[in-house]
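Written out below as structure tokens is the structure these notes cover.
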Amino acid sequence: MTTAPDTEPVIEISGLDFSYNPQQPILSKVNISVAQFTSTCIVGPNGGGKSTLVKLILGLLRPDRGRVLLLGGPPEVTRSQVGYVPQYAKFDPLFPVSALDVTLMGRLDGRARRYCRADYQAAHQALAEMDMDSHAQSSFAELSGGQQQRVLIARALTSAVKLLIMDEPTASIDAQVEGSLMEILRCLSRRMAVVLVTHDLGFTSKFFQSVICVHGQVHIHPTSEITGKMIQDMYGSDSQMIRHDHRCSTEGHTHV
Amino acid sequence: MSDFLAAIANNQMPFLRYALIAGILASVTFGIVGSYVVVRRITYIAGAIAHCVLGGIGIALYAQKVWHLAWLDPIYGALVAAILAALIIGLVSMYTKQREDTVIGAIWAIGMAVGLLFIAKTPGYIDPMSYLFGNILLVSKSDLWLMILLDIVIVTAVWLLYHNFMAVCFDEEYARLRGLNTKFYYLALLMMIALAVVLLVRVVGIVMVVALLTLPAAIAGHFVNRLGRMMVMASLLCMIFISGGLAWSYSLDLPSGPVIIVLAGGAYLITLLISRLRRR
């Protein structure tokens, strides 16, 4: 397995173009670099290419042009060391699994084998870290949205070493759960890079050090530079404006 | 009931005993594979595979008579057709840009049509009803050995790959990120459906076999919330429906396939009703 030395970025994308069909380019000329131990928010309107970008980062899609490096190597090889948290709402509410079953999936490695004791220990540890170990035997479907999300984070943590990627964690959760999610992310960002995808600009709080705007083009902003003009460019209409004051990245920015 | 037990013990009527043993052996596979079909929501794919089996049966019957391939038992034709159908449907649903359900519907119908055409052209009278709706007189002793073999293969594969299959059914994208070859698992699942369908085609018939695959698992889903327990309970229910249905059909002198299915379907509807009332 390739592991990046500590100074190398966890995600590095250069000159990436992608389209599902040639007439409709989804992403063009994307250059992104996400450093170790940083927190990054990927924002953009629905259909703007955020999920596509995440799939490209994870190697689930191949770019038409350009290169993606994940933890210093090709995503197909290194993605098993990345923690990925999908949207919890996409799961079949009738699927018969326990929270522990779901968490253990993070320990799968493609081999034909049963779980061993180390797998169970890792799963319980991750659940305990998310304060969910008392629910290990609960049915996943019967947990609340916030609890399901924490189980999915626990699953990601059983394999995440340097990078955690979350897809739309703020979709359909209430303000209180959102608050505790922020607390969890704050904790995790001390030991790994956190990348969060959201269409919800309100979530782009000062916690994030940089914001990646995705709408065909991709731009990295230091959080402090987000302006109402940029949001309008991206979302096309008046949006509620938020101001961020935090560390700046060195990347410049122009909107076309 | 006692006359059914006497008939089971009666050496003059081995077919009833064979049907019962076949049903119990097949129930193991049905509970396991049916649970995957239900949680992965691919009942219509299982239906298409089952109906394609008639194509293989028709060709085998024709080959037996016309090409004098006496060894070519219809069950081998069924096996080949089911596996081919599973492969084609699997590849279509993975790669096609067409509407998947339309393609599957077409395969479903073509399989049946081919079977009926070959049966029509086969000399001598063959009643397609036996294959469509089941006929326990068709169960032979050699079928039982085939069933034992398939049971062993499926139970071993699922024991070894239980967690992998579960991950692929629950969250295919994540399973792929964990390094699982999700296409392989999907095709393997369709293969298992194909094998299961062939096991019981003679007892309940092509048209109804899918109900027996999915109803026990669907009932179990109302009572348990773990995949493993669902499989065990579905297997037991399947055994109960088949043996109960056989006994009932023998006592009332009715065709066994429909009685088994009415029993399973009735139990499913009652379960739905109970769980509805409980939720209030």
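The values are calculated or read from the model by the stated rules, or taken from the named source; none is laboratory data. Since this is a predicted model, take the numbers as computed values, not measurements. Cβ: placed from backbone, ideal geometry, glycine included. Neighbour counts: every protein chain shown. Areas reflect the complete protein model, heavy atoms only, side chains present, ligands, DNA and RNA absent. Shrake-Rupley method; radii C 1.70, N 1.55, O 1.52, S 1.80 Å.
How many residues does segment B:9-39 contain that are of a type outside the set (A, V, I, L, M, F, W, C), in contact with an Asp or Glu (Cβ under 9 Å, 6 or more places away or on another chain) and open to solvent by less than 10 Å² (accessible area, probe 1.4 Å)?
Going through segment B:9-39, the residues of a type outside the set (A, V, I, L, M, F, W, C) turn out to be B:10-12, B:14, B:17-18, B:23, B:27, B:29, B:31, B:34-36.
Restricting the remaining residues to those that are in contact with an Asp or Glu (Cβ under 9 Å, 6 or more places away or on another chain) gives B:18, B:29.
Pick out the ones that are also open to solvent by less than 10 Å² (accessible area, probe 1.4 Å) and you get B:29.
Matching residues across segment B:9-39 total 1.
Yes/no matrix, rows are residues, columns are (1) part of a helix (DSSP H, G or I); (2) open to solvent by 60 Å² or more (accessible area, probe 1.4 Å):
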position: A:13; (1), (2): no, no
position: A:17; (1), (2): no, no
position: A:28; (1), (2): no, no
position: A:53; (1), (2): yes, no
position: A:62; (1), (2): no, yes
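Residues to consider are B:38, B:28, B:33; find the one that is modelled with pLDDT of 90 or more and within 14 Å of chain A (Cβ to nearest Cβ). Walk me through how you get there before you give the answer.
Details: B:28 fails: within 14 Å of chain A (Cβ to nearest Cβ); B:33 fails: within 14 Å of chain A (Cβ to nearest Cβ).
Step by step, each of B:38, B:28, B:33 is checked, and only B:38 is modelled with pLDDT of 90 or more and within 14 Å of chain A (Cβ to nearest Cβ).
Out of the residues in segment B:191-209 that are at pLDDT 90 or above and surrounded by 24 or more Cβ atoms within 10 Å (Cβ to Cβ), which is farthest from the other protein chains (Cβ to nearest Cβ)? Steps first, please.
Initial filter on segment B:191-209 (at pLDDT 90 or above): B:191-194.
Next, only the ones that are surrounded by 24 or more Cβ atoms within 10 Å (Cβ to Cβ) stay: B:193-194.
Values: B:193: 19, B:194: 21 Å.
This residue is B:194.
For segment B:220-235, give me each residue that is open to solvent by 30 Å² or more (accessible area, probe 1.4 Å), assigned to a helix (DSSP H, G or I) and within 8 Å of chain A (Cβ to nearest Cβ).
Within segment B:220-235, B:221, B:229 qualify.
Which one is farthest from residue A:182 (Cα to Cα), of the residues in segment A:31-48 that are open to solvent by less than 10 Å² (accessible area, probe 1.4 Å) and in a loop (DSSP other than H, G, I, E, B)?
By that ranking, first place goes to A:48.
Could you list, in sequence order, the residues of segment B:130-186 that are more than 13 Å from chain A (Cβ to nearest Cβ), surrounded by 14 or more Cβ atoms within 10 Å (Cβ to Cβ) and small (Gly, Ala, Ser)?
Of everything in segment B:130-186, those that are more than 13 Å from chain A (Cβ to nearest Cβ), surrounded by 14 or more Cβ atoms within 10 Å (Cβ to Cβ) and small (Gly, Ala, Ser) turn out to be B:130, B:134, B:140.
I'm trying to understand the selection: among the residues of segment B:214-239, which are β-branched (Val, Ile, Thr) and at pLDDT 95 or above?
First pass over segment B:214-239, keeping only residues β-branched (Val, Ile, Thr): B:214, B:219, B:224, B:232.
Result: B:219, B:232.
Residue A:106 - would you say it is within 11 Å of another protein chain (Cβ to nearest Cβ), touching a Lys or Arg at 6+ places or on another chain (Cβ under 7 Å) and in a loop (DSSP other than H, G, I, E, B)? Let's see the steps before the verdict.
Working: within 11 Å of another protein chain (Cβ to nearest Cβ): yes; touching a Lys or Arg at 6+ places or on another chain (Cβ under 7 Å): yes; in a loop (DSSP other than H, G, I, E, B): no.
So residue A:106 does not fit the description; no.
State whether the residues of segment B:145-158 include one that is over 20 Å from residue B:79 (Cβ atoms) and in a helix (DSSP H, G or I). Explain how you work it out, then say what you get.
First, the residues of segment B:145-158 that are over 20 Å from residue B:79 (Cβ atoms): none.
The answer is no; no qualifying residue exists.
The rows are residues; the columns are (1) aliphatic (A, V, I, L, M); (2) not in a helix (DSSP H, G or I).
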position	(1), (2)
A:115	no, yes
A:126	yes, no
A:131	no, yes
A:134	no, no
A:141	yes, no
A:150	no, no
A:165	yes, yes
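Just give me the residues in segment B:40-62 being open to solvent by 10 Å² or more (accessible area, probe 1.4 Å) and aliphatic (A, V, I, L, M), in sequence order.
Answer for segment B:40-62, where residues must be open to solvent by 10 Å² or more (accessible area, probe 1.4 Å) and aliphatic (A, V, I, L, M): B:59, B:61.
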